[in-house]
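Q: Sharing a structure, written as structure tokens. Questions coming.
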Amino acid sequence: MERSSALANLATTLLFCLALCPYTTLISSAQTSTNIEFIRTSCGKTTYPDLCYTSLSGHASLIQMSPKLLASAALTVTLDKARSTSAMMARLSKARGMKPREVGAMQDCVEELSDPVDELRRSIDEMGQMKRSSNFGLIMNDVQTWVSAALTDENTCSDGFAGRMMNGNVKTVVRNEILTIAHLTSNALALINRYASLHG
């Protein structure tokens, strides 16, 4: 008797779940679409909207519709790219066939990228600590200053490659990678500024 009652309860639960599943899927799908549209609209106000959207749309479920989480995700994506590019350049500088001038340019740029990595990391830490309080403006000012400094350092690194006599392929790959970091940083700064303006 107990077993048949348990089976009946299980069957009822399964039928209930099957009835609700399409609705929960629709709700989830609608929420994801809303989150993605929020990212698309927000990215439309950045300097590099396509890059912004492609770099952040995969994080839609985390970002939801939060300007703060959007700005934080943009910083995290930028930091990851800066770290991976710095590691790639360190490996390239040790590759065979590189001229001393090329090696020097790579090593200089790896050193120059260490500052943006630190500045972006500090910005992410501060964004994580931020609460709506009397120190919001002070913390936000620090974040904006660090991200602006990171952008300046990245552009310095990129400019260094523009004027050097280097192997065409290496120069193109490295310059494109650094420009991507700078563009991501520019977008992150725009999203941070937007978040700050909402609390002004």
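No value in this document is a laboratory result; all are computed from the given coordinates. Just so we're clear, the structure is a prediction, and the values are computed from it rather than from any experiment. Glycine also receives a Cβ, built like all others from the backbone with ideal geometry; neighbour counts cover every protein chain displayed.
Q: Which of the peptides 58-65, 114-121, 89-96 is most tightly packed, and how do the rest follow, going by the mean number of other Cβ atoms within 10 Å of each residue? Don't skip to the answer; put the middle values down first.
A: On the way: 58-65: 16.2, 114-121: 19.9, 89-96: 13.4.
Final packing ranking: 114-121, 58-65, 89-96.
Q: Which whole-angstrom value gives the distance between the alpha carbon centres of the range 103-147 and the range 54-76?
A: Measuring centre to centre over Cα atoms gives 17 Å.
Q: Test of understanding: what is the full-extension gain from Asp125 to Arg91, defined as 0.36 nm times their sequence separation minus their Cα-Cα distance? Show your work: numbers first, answer last.
A: Values: separation 34, 0.36 × 34 = 12.24 nm, distance 2.83 nm.
Separation in residues times 0.36 nm, less the Cα-Cα distance, equals 9.4 nm.
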